[in-house]
Amino acid sequence: MNDESVTVQLRDRLEDLAAEIGHARKGMELGHLAALCFCEVRPWARRAGEGRLADLSWRLSIQPLPIDRRAFLMQIDRLIEELEQICTRAGIGMAAATLRQARTEQPDST
């Protein structure tokens, strides 16, 4: 496999991760967010050489429970902010915007 195809695969997966995380954050799916961080984001970040993102996702997965909902969401939002920056650097502005919107939008209180 050549470097260009690896880069394209990493970029495509980054777009997918941004969409999945954005959707889970908007829906306040805390379990799904936790699973995505450890099972999807961390391996992607390590493969892509994004050490800060890998570290953030690792820290989320090893913290002792129970952590309160607000503290967990603050940590998730820090991870999402890092992911936004990576999307911007990768030229995926729409993915960065989706993440920013998910992070800053307040859920409906129905």
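The values are calculated or read from the model by the stated rules, or taken from the named source; none is laboratory data. Computed from a predicted model, the values in this text were never measured in an experiment. Methodologically, a virtual Cβ is constructed for each residue, glycine included, from the backbone with ideal geometry; neighbour enumeration extends over all protein chains shown.
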**Asked** Of the residues that make up the range 62-70, is at least one closer than 16 Å to ALA24 by Cβ, in a helix (DSSP H, G or I) and either touching a strand residue (DSSP E or B) at 6+ places or on another chain (Cβ under 6 Å) or not acidic (Asp, Glu) (or both)?
**Response** yes
**Asked** When you go through GLN106, GLN101, GLN85, GLN75 one by one, which is the residue that is of a type in the set (S, T, N, Q), more than 20 Å from ARG11 (Cβ to Cβ), assigned to a helix (DSSP H, G or I) and without any contact (Cβ under 8 Å) to a residue 24 or more places away in the chain?
**Response** GLN75
**Prompt:** With (1) over 12 Å from the mean Cα position of the chain (by Cα); (2) under 15 Å from ARG13 (Cα atoms) as the list, and ILE62 as the residue in question, which single condition is left unmet?
**Reply:** (2)
**Fill in**
Sole miss for ILE86 among (1) surrounded by 17 or more Cβ atoms within 10 Å (Cβ to Cβ); (2) out of contact with any helix residue (DSSP H, G or I) (no Cβ under 6 Å at 6 or more places or on another chain); (3) modelled with pLDDT under 95 is condition (3)
